[in-house]
Amino acid sequence: MNEAAKALVTISKVGVIGAGQMGSGIAHVCALSGFDVVIYDISDEQLKKAVTNIDKNIGRQVNKGFVAEADKQAALARIKTGSSMSVLGDRDVVIEAATENEELKKKIFRDLCPHLKADALLCSNTSSISITRLAAVTDRPERFMGMHFMNPVPVMKLVELIRGIATSEMTFSAVRTFAEKLGKNTVTSEDFPAFIVNRILIPMLNEAIYTLYEGVANVRAIDVGMKLGVNHPMGPLELADFIGLDTCLAIMTTLHDGLADTKYRPCPLLVKYVEAGWLGRKTGKGFYDYSGPEPVPTR
Ligand code: CAA
């Protein structure tokens with residue numbers, strides 16, 4: 001390892017890869033916590049949408065009295081965007097929040113590394129993929145780790161931290177301090193499929209889909225049952241739609257492949273919904289149809 005690669009990093013400039021739901025949420029909390037942020041995405045249209053959404057979502061916090069209007073304006077002024085990876089060249093840390101697809105993430109990391117400062121840290125917001133495997137395609141596995149935010153990022157208090165086999169203590173401690181500066185609580189997970197939260201949550205959502213598939217109950221009964229019966233803020237089918245059914249399926253598949261246990265088999269109904277392009281809220285249809293004023297169950 002060269003000297004630059006061993007250096008302690010103080011994070012002030014943050015890069016975010018991916019202008020989707022998670023990437024915009026991460027950029028939102030970083031900017032609101034005083035960090036200078038650059039969002040990179042291949043699509044200029046998606047970048048514009050992300051900035052509009054961040055404006056709207058900080059606006060919710062202003063309306064609720066949690067954030068001052070002046071702080072909102074200052075946060076928005078800290079966010080820049082770009083569709084060339086060179087915009088990430090001066091970043092102290094880059095957080096990748098692309099689609100949950102291992103080959104895509106690996107390609108992004110391979111393309112990204114030549115643009116980075118020698119001492120830059122790299123994090124993936126992957127919700128299930130091996131940090132060690134992702135780190136192995138980079139030129140800095142000791143400066144690489146998992147930083148898994150929950151959705152909606154501005155509202156949820158947790159960030160899971162995951163060390164790959166090569167992650168250095170310096171990297172871990174710099175990223176933990178950074179997460180704390182974002183106002184998040186952290187938990188640390190070993191590098192096993194889906195880590196802590198999704199190892200437990202996604203099989204529960206999959207079981208709710210089996211409950212529907214086997215005709216035990218309809219969508220409303222399952223969601224009301226879990227909301228009122230267990231005090232969950234959202235029912236499991238509502239939550240699956242909120243997370244995105246493609247993401248739920250990707251995580252179940254990672255658990256099934258990675259742990260080789262049939263108890264993790266994805267429900268065929270989940271597969272069918274994804275094949276239909278019914279991915280939940282983001283496409284307007286999943287276990288509910290979101291085209292009207294109120295969500296309506298699709299089964
Ligand atoms: N920024 C972004 N989105 C915000 C927000 C903000 N500041 N404040 C609220 N939201 C979103 C909600 O998702 C929802 O969206 P729409 O209005 O666009 O439909 C809406 O705002 C609800 O707003 P409310 O003010 O009514 O919020 P609420 O007080 O009812 O709480 C909630 C909403 C916090 C999402 C609550 O329902 C909840 O806690 N649900 C469970 C969320 C959860 O479990 N998240 C973890 C998912 S798992 C995960 O993320 C890991 C993974 O890798 C898959």
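Bear in mind these aren't lab numbers, they're just calculated from the coordinates by the rules spelled out. Everything numeric in this text was worked out from a predicted model, so none of it was measured.
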Original post:
Gap in Å between the Cα centre of region 264-299 and the Cα centre of region 126-178?
Top reply: 30
Original post:
If you average the sequence gap of Cα pairs under 8 Å that are 6 or more apart and divide by the length of region 1-94, what percent do you get for the contact order?
Top reply: 38
**OP:** Scan around D289 for amide H atoms under 5 Å from its own, H built in the peptide plane at 1.01 Å from N, and keep only partners 5 or more places away or cross-chain.
**Re:** V296, T298
Subject >> Long pairs among K56/K117; K49/K263; K106/K181; K80/K105; K72/K285; K105/K272, criterion Cα-Cα beyond 30 Å >> reply: K56/K117; K49/K263; K72/K285
Subject >> Segment L158-K64, extension gain: residue separation times 0.36 nm, minus the distance between their alpha carbons >> reply: 31.8 nm
Original post:
So how far, in whole Å, is the C-alpha centre of region 228-242 from the one of region 18-89?
Top reply: 28
